[in-house]
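See structure below.
The values are calculated or read from the model by the stated rules, or taken from the named source; none is laboratory data. This one's a predicted model, so the numbers in the text were calculated from it and none came from an experiment. Every residue, glycine as well, gets a Cβ built from its backbone with ideal geometry; the counts of neighbours run over all protein chains shown. Heads up: the accessible areas ignore ligands, DNA and RNA and are worked out on the full protein's heavy atoms, side chains in. Shrake-Rupley method; radii C 1.70, N 1.55, O 1.52, S 1.80 Å.
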Amino acid sequence: MIIILLGPPGAGKGTQAIRIMESHGLVQLSTGDMLRAAVAAETEVGKKAKEFMAAGKLVTDEIVVGIIADRIEEDDCKGGFLLDGFPRTVAQAEALGQLLDDKGLKVDAVVEMKVNDESLVDRITGRYTCADCNKGYHDTNLKPQKAGVCDGCGSTNFTRRADDNRETVTSRLATYHAQTTPLLPFYEAQGVLRTIDGMADIDDVTVQINDVLNAL
Ligand code: ADP
Ligand code: AMP
């Protein structure tokens, strides 16, 4: 199964991807995570991507398509994968279509997670993750069971993304509306678009996504 989670920054894609990965045995492919790893490792890709990411702009299609093209060749993708944060432009969607076509594969569903912009700003500015296992939290919406201790691994080290600040969020949302929303008619025309209410609470969003996947 090949699933795309489509939604603005902060919509809950990463939060839900981890759950779907566990329930449906799909590998999560997050271009944001891959690019952040490249920036941290100061690779050539990371050096090229860094400024775009800090400004809340998209990294070039060439870079992200290259990353995904390599990644889907790996063995763990054979059982299907869940794309989180890719594609983000029509050119990327077309390139993905070509990559899958060459392998006799196709996108099974594109799940659009609809969330209003005011909530997104709150979700992004309140987001933090465990520095050791990358489990995601929120200042008010999703706290660890014991304050200051990660539920997943017991670590007390947490981190916030450099681009999760109010100024960059505005730019990221504008980028989403201008460059990524054209994917909605693109996938609707292919008959694979499913829209869910991303404003619902986290467990309810999981139920909605499971309903979509179980109907495939
Ligand atoms: P994305 O991967 O789409 O950028 P995340 O999954 O990282 O978004 O979610 C952004 C923040 O919002 C996180 O701190 C997360 O805990 C919180 N969050 C995710 N889904 C919901 C939800 N349905 N309701 C409230 N907060 C949520
Ligand atoms: P994310 O973690 O999905 O919020 O992505 C963080 C940042 O990485 C984005 O603001 C972009 O700068 C970059 N990025 C992630 N995925 C893509 C993509 N598919 N195309 C272009 N840039 C991307």
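Can you tell me which residue is surrounded by the most Cβ atoms within 10 Å (Cβ to Cβ) among those in region 122-134 that are over 16 Å from V169 (Cβ atoms) and away from ligand 2 (no atom under 15 Å from the Cβ)?
C130
Can you tell me which residues in region 143-158 are open to solvent by less than 60 Å² (accessible area, probe 1.4 Å) and either modelled with pLDDT of 95 or more or under 29 Å from T175 (Cβ atoms) (or both)?
P144, G148, V149, C150, G154, S155
Working only within region 140-165, note down all residues that are touching a Lys or Arg at 6+ places or on another chain (Cβ under 8 Å) and either among the polar types (S, T, N, Q) or free of Cβ contacts under 8 Å to residues at least 24 places away in the same chain (or both).
Listed by number, the residues that qualify are N141, C150, D151, G152, C153.
Failed condition for S119, given (1) within 16 Å of ligand 1 (Cβ to nearest atom); (2) out of contact with any helix residue (DSSP H, G or I) (no Cβ under 8 Å at 6 or more places or on another chain); (3) open to solvent by 60 Å² or more (accessible area, probe 1.4 Å); (4) not aliphatic (A, V, I, L, M), with all others met?
Of the numbered conditions (1) within 16 Å of ligand 1 (Cβ to nearest atom); (2) out of contact with any helix residue (DSSP H, G or I) (no Cβ under 8 Å at 6 or more places or on another chain); (3) open to solvent by 60 Å² or more (accessible area, probe 1.4 Å); (4) not aliphatic (A, V, I, L, M), the odd one out for S119 is (3).
In this structure, does L5 turn out to be within 16 Å of ligand 1 (Cβ to nearest atom) and within 18 Å of R123 (Cβ to Cβ)?
When the stated conditions are applied, L5 passes them.
From the list Q92, Q16, pick out the single residue that is open to solvent by less than 10 Å² (accessible area, probe 1.4 Å), part of a helix (DSSP H, G or I), under 22 Å from R172 (Cα atoms) and within 16 Å of ligand 1 (Cβ to nearest atom).
Residue meeting the stated conditions: Q16.
Is there a residue being away from ligand 1 (no atom under 16 Å from the Cβ), among the hydrophobic types (A, V, I, L, M, F, W, C), closer than 18 Å to G12 by Cα and open to solvent by 20 Å² or more (accessible area, probe 1.4 Å) anywhere in region 189-210?
Looking through region 189-210, at least one residue is away from ligand 1 (no atom under 16 Å from the Cβ), among the hydrophobic types (A, V, I, L, M, F, W, C), closer than 18 Å to G12 by Cα and open to solvent by 20 Å² or more (accessible area, probe 1.4 Å).
Spot the failing condition for E74; the list is (1) within 16 Å of ligand 1 (Cβ to nearest atom); (2) without any contact (Cβ under 8 Å) to a residue 60 or more places away in the chain; (3) open to solvent by 60 Å² or more (accessible area, probe 1.4 Å), and only one is missed.
(1)
Which count do you get for residues in region 1-40 that are within 12 Å of ligand 2 (Cβ to nearest atom) and among the aliphatic types (A, V, I, L, M)?
Qualifying residue count, region 1-40: 11.
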